[in-house]
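Remarks on the structure that follows.
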Amino acid sequence: MFRHIRWRIAIPHVLLIVLVMSALAGSLSSLSRQALQSDLRRQLASEARLLADWSAPLVASHADGDALDRLARRAADLTGRRVTFIAPDGTVIGESHADRTQMDNHADRPEVSQALRGTEGSDIRLSHTQGRPMMYVAVPIRMDSGLIGIARVSLSLAQVDARVASLQQAIFTAAGVATLLATLISLFIAERIARPVRELTAVADRLSKGDLNARLTPSTRDEVGRLTLSFNRMARRLQEQVASLSRERSRLAGILEHMADAVIITDRDGQVQLLNPAATRLLALQPPQALGHSFRQLVRHPRLLELWRRAASCREEQTATIDTGAHGTYLHAIVTPLEQTDEQGYLVMLHDLTRLRQLEAVRRDLVSNISHELRTPLASLKALTDTLRDGALEDPEAARRFLDRMEVEVDALIQLVQELLELARIESGKAPLNLRATPVESAIIPPVERLRAQAERAGLTLTAELPDGLPEVLVDTERIHQVMTNLVHNAIKFTPHGGRVTVSAEARGDRVVIAVADTGVGIAPEDQPRIFERFYKADRARSSGGTGLGLAIARHIVQAHNGHIWVESQQGKGSTFYVSIPAAP
Ligand code: ADP
């Protein structure tokens with residue numbers, strides 16, 4: 001019960017009220033008893049004085065006892081008191097309620113002895129004669145200023161007790177009602193104080209459980225009201241701070257999530273506490289398995305572990321370039337001790353250098369490929385000019401032959417340079433496409449027709465089969481002609497005498513797929529993924545004198561059209577190159 005503020009306020013108040021009320025009721029009843037008794041005493045005294053006055057002649061004349069008895073009885077009848085007359089020696093000489101001859105000497109009664117001394121005497125005690133508590137008041141009877149007897153009036157206190165009892169009952173009833181009312185009022189007040197505190201506690205509870213919108217409208221202007229206002233202010237600040245923290249956190253999480261570099265945070269003992277998707281990707285981990293594990297368990301690469309250990313032992317940033325060996329991945333690793341946080345930890349950042357290395361390798365390859373491609377025609381040009389200078393010039397027949405061969409070499413050089421320039425232009429994006437909705441026929445037929453003579457010279461049948469109702473394609477016609485030329489040219493080049501080259505097209509969904517099929521030498525499966533690379537020639541020994549750039553250019557053009565190019569081929573049976581490009585909307 002005392003755990004509720006309502007009772008803690010109400011119970012002491014109720015106890016206090018009960019205590020005060022009972023003390024008040026007790027003192028009131030004793031005060032009223034005293035007041036009643038002194039009133040009664042005064043009344044009895046005046047009656048006694050009256051009786052003393054009346055009886056003085058009788059007492060002085062020493063009339064016989066019966067006359068005084070009658071007087072006493074008469075007075076008792078009129079007043080309802082007991083009346084006694086006593087001689088100065090203490091002998092009872094008149095009595096209203098008893099047989100005076102049977103009564104003992106009254107000189108030793110306190111009120112009588114007081115009256116014998118000439119003053120008014122009174123006493124409360126158990127009456128010998130009546131056997132009940134009585135109040136006695138005695139006054140001297142005087143005649144010619146001499147004391148001739150005592151008149152005593154007495155009354156049973158039972159009446160006084162009854163009046164005191166009824167008075168007490170009234171007082172206690174009033175006190176009870178007052179106590180009840182006061183208790184109810186104090187309970188009501190306690191409840192009014194306790195309710196806002198209780199509501200505040202409930203709101204604080206909701207807040208602690210994460211409901212940051214919990215607020216309370218202050219119902220009073222007192223301390224609790226002010227506390228409610230402060231509490232609301234605190235909740236609002238808390239909500240703002242949590243919101244700004246979570247904004248910050250989601251911003252950071254977004255950065256971590258999308259950054260290309262791997263980020264791993266470990267505690268001082270090397271337990272992984274955070275890692276981003278780039279880290280799981282670079283280290284080929286499963287995220288659930290990663291968190292909570294030790295860095296040593298996750299990262300099996302000894303150089304990276306060594307780097308972490310070095311950073312841990314000298315508490316300084318460590319960097320290194322690491323070749324993880326797995327799929328030729330190169331990483332630039334930085335391990336930094338985190339000093340500013342409460343708990344010490346380490347930040348491991350991994351930057352993937354693989355692509356950069358690959359680009360470097362491609363550049364190196366390109367330079368060596370170009371040199372290689374240039375060397376052959378240049379060497380043969382050199383040989384031809386040497387031969388001419390050494391005397392062939394004198395033989396017009398031979399000179400013409402040599403010049404023809406020199407022209408062929410120069411043409412090859414020009415083609416190489418043109419193709420390189422073309423590739424560079426397309427790759428750099430400096431050749432914007434002029435896209436137009438074009439009938440498939442116009443995209444395919446002109447280059448096929450241009451190469452027909454060459455096909456016939458090579459003894460091949462070149463056909464184009466286009467079904468009716470093909471949608472238009474969204475292409476830069478000139479560029480698509482180039483693609484078609486390269487593909488058909490290759491097909492002619494790699495198909496032996498008597499073979500067939502067929503160009504066809506079909507609609508597939510919102511795309512048109514063009515196929516250039518030949519019955520030529522075909523391409524080995526291991527070469528198929530690589531023939532679209534620059535300078536790649538499947539069989540260098542049987543090289544047809546091409547540059548190895550034709551398919552690379554074709555692929556770039558097709559990709560710029562948002563299309564795909566691929567090959568299906570069987571060695572010795574032939575190849576089919578497919579180009580899929582979007583149809584015009
Ligand atoms: P090239 O100038 O050497 O033809 P390409 O890039 O056009 O260069 O072709 C690359 C290589 O792909 C060729 O050297 C050849 O080995 C192979 N290739 C291309 N087209 C065909 C085909 N239709 N049949 C067989 N092999 C082909």
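The values are calculated or read from the model by the stated rules, or taken from the named source; none is laboratory data. Owing to the predicted nature of the structure, the values given are computational and were not obtained by experimental measurement. Because the Cβ atoms are built from the backbone with ideal geometry, glycine has one as well, and the counts that use them run over all protein chains shown. Ligands, DNA and RNA are stripped out before the accessible areas are found, and what is left, the full protein with its side chains, is counted by its heavy atoms. Shrake-Rupley method; radii C 1.70, N 1.55, O 1.52, S 1.80 Å.
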(request) Label region 69-141 by shape, choosing from rounded, prolate and oblate, from the square roots a ≥ b ≥ c of the eigenvalues of the Cα gyration tensor; if a/c is under 1.5 it is rounded, and otherwise prolate applies when a/b is larger than b/c, oblate when it is not. (result) rounded
(message) How much of the DSSP bridge set in the chain is antiparallel, in percent, rounded to the nearest 5?
(response) 95
(message) Probe radius 1.4 Å, ligands and nucleic acids ignored: give me the carbon and sulfur share of the accessible area of region 259-352 as a rounded percent.
(response) 50
(request) Return a whole-number percent for the relative contact order of region 436-582, with Cα pairs under 8 Å and 6 or more residues apart as the contact set. (result) 24
(message) Leaving out ligands and nucleic acids, and using a 1.4 Å probe, what accessible area per residue does the chain come to in Å²?
(response) 58
(message) Taking a ≥ b ≥ c as the square roots of the Cα gyration tensor eigenvalues, with a/c under 1.5 meaning rounded and otherwise prolate when a/b beats b/c, else oblate, which class fits region 259-352?
(response) oblate
(request) Please identify every one of the GluC sites (Glu not before Pro) in region 365-440 that sits in a loop by DSSP and has no more than 15 other beta carbons within 10 Å of its own beta carbon. (result) none
(request) Using only Cα atoms, find the angle between the long axis of helix 5-60 and the longest principal axis of the chain, and express it within 0 to 90 degrees, rounded to the nearest 10. (result) 10
(request) Pairs of Cα atoms under 8 Å, at least six residues apart: use those to get the relative contact order of region 328-486, whole percent. (result) 16
(message) For region 1-99, which trypsin sites (Lys or Arg not before Pro) pass both filters: DSSP loop (anything but H, G, I, E, B) and at most 10 other C-beta atoms within 10 Å?
(response) 3
(request) With only Lys, Arg, Asp and Glu charged, each at its Cβ (+1 for the first two, -1 for the last two), find how big the charge dipole of the chain is about the Cα centre; round to the nearest 20 debye. (result) 1780
(message) If I compute solvent accessible area with a 1.4 Å probe over the protein chains, what percent of it on region 5-163 is carbon and sulfur?
(response) 56
(message) Quick check: the angle from helix 302-314's long axis to the longest principal axis of the chain, C-alpha only, nearest 10 degrees?
(response) 40
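How large, in percent, is the carbon and sulfur part of the accessible surface of region 393-446 at a probe radius of 1.4 Å? It would help to have the intermediate numbers written out before the result.
On the way: 2050 of 3720 Å².
Carbon and sulfur: 55 percent of the exposed surface of region 393-446.
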(request) Could you work out the relative contact order of the chain, using alpha carbon pairs under 8 angstrom and six or more residues apart, expressed as a whole percent? (result) 7
(message) Rounding to the nearest 10 and keeping the result within 0 to 90°, find how far the Cα-based axis of helix 65-79 lies from the longest principal axis of the chain.
(response) 30
